[in-house]
Amino acid sequence: MTAAIETAPRLPELAPRVGPLQGLRQTLTLARRVIIQVRHNPQELADQSFQPIIFTLLFTYVFGASIASDGDRQTYLQFMIPGMLAMNMLFNSLYVGQGLNTDLAMGVFDRMRTLPIARWAPLAGRILADQLMQLWGIVLVFAVGLLLGFRPGNGVQGMLAGTLLLLFFALAFSWVAVLVGVASKNAQQVQVFGMAVVLPINFVSGTFAPVETMPTALQKFAEYTPVGNLLEASRGLINGGPVATPLWWTVVWAVALVLIFAPLSIRALNRKT
């Protein structure tokens, strides 16, 4: 018995740390897991598709003529499409928080922590998969806008530049969604955050109406919010106009969001798991 035990092969020890390349491969694998979930549950993609279509049609044909200064829906469409892109990006980012909250409730992250994978891979995988969903939403809004008569002033180059800016900001704002997802008791509370916080900020920042028509206090609020700067930069890149200052402040806000919310999100996740 003793000899058998002594000659039994020893199991290889797990590596104490995961290398960056291994972590990247694990991130891609976990991102693929999220995408496969969407493929098996098309309702998630449908939820992210119907909202921008309905809002674009609603504001163009119901409010467009009354909000536009010259009463022309086409003029309003040029103003509104970049705003719709920004709002859709922010709401799509909240799906990161909802998915994370669901995974936590089902014990998925507890099981992942027992695996020899990078601690940051599950979060990075979900955020990476979100960028593909974000790209789908951006393409959808542009497609609907073009069908309705939207014509970007800076052409295809402006559309590509605006898309890159929106995806860049989405990466930063995803950390806000992660913290909300970890702190919420259920996925419905993440939706409540969207309706109670994200939607009002969009309206006040000038998504659907020029901030010049708002009270002075709201104009100042829109001028200094990350969403207000993102909207101004997006409109400048897509339609033409001042870009340098709002683009600079958008980058500053994005970096600040990551520096503030990434450590808070990781700390909250570690405590919860």
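The values are calculated or read from the model by the stated rules, or taken from the named source; none is laboratory data. Predicted model only: the values in this text are computed from it and were never measured. Here the Cβ positions follow ideal geometry from the backbone for every residue, glycine too, while neighbour counts run over all protein chains shown. For accessibility, only protein heavy atoms count, side chains too; no ligands or nucleic acids. Shrake-Rupley method; radii C 1.70, N 1.55, O 1.52, S 1.80 Å.
Out of (i) 1.19; (ii) 1.30; (iii) 1.05, which label holds the value of Cα Rg over 2.2 N^0.38 Å that was computed here? It is the value labelled (i). Summed over the residues of the chain and divided among them, the accessible surface reaches 54 Å² per residue at a probe radius of 1.4 Å.
Compute the helix-to-body angle for 73-105: its Cα long axis versus the longest principal axis of the chain, expressed 0 to 90° and rounded to tens. Roughly 20 degrees, rounded to the nearest 10. Using the Cβ of residue 211 as centre and a radius below 11 Å, the other residues enclosed give a net charge of -2, where K and R count +1 and D and E count -1. Remark: the range 226-237, residue by residue, has Karplus-estimated 3J(HN,Hα) of x, 5, x, 5, 4, 4, 5, 5, 5, 5, x, 5 Hz, where x stands for each Gly or Pro and the curve is 6.51 cos²θ - 1.76 cosθ + 1.60 at θ = phi - 60°.
The amide H of residue 117, built 1.01 Å from its N in the peptide plane, has no neighbour under 5 Å, considering only residues 5 or more places off or on other chains.
For the range 99-141, a/c is not less than 1.5, where a ≥ b ≥ c are the root eigenvalues of the C-alpha gyration tensor, and a/b does not top b/c. That puts it in the oblate class.
Normalised by the number of residues in the chain, the mean separation of alpha-carbon contacts (under 8 Å, six or more apart) gives a relative contact order of 24 percent. The apolar share of the surface of the chain, taken as the fraction of accessible area on carbon and sulfur atoms (1.4 Å probe, ligands and nucleic acids excluded), comes to 68 percent. Taking the centroid of alpha carbons for each part, the range 67-108 and the range 199-273 are 13 Å apart. Largest mean-square fluctuation among 238, 53, 260, in a Gaussian network model of the chain whose springs join Cα atoms under 10 Å apart, belongs to 260. Shown in residue order for the range 212-219 are the 3J(HN,Hα) couplings computed by the Karplus curve 6.51 cos²θ - 1.76 cosθ + 1.60 at θ = phi - 60°: 5, 8, 8, x, 4, 4, 5, 4 Hz (x for Gly and Pro). Under the criterion of Cα pairs below 8 Å and six or more residues apart, the relative contact order for the range 138-247 equals 30 percent.
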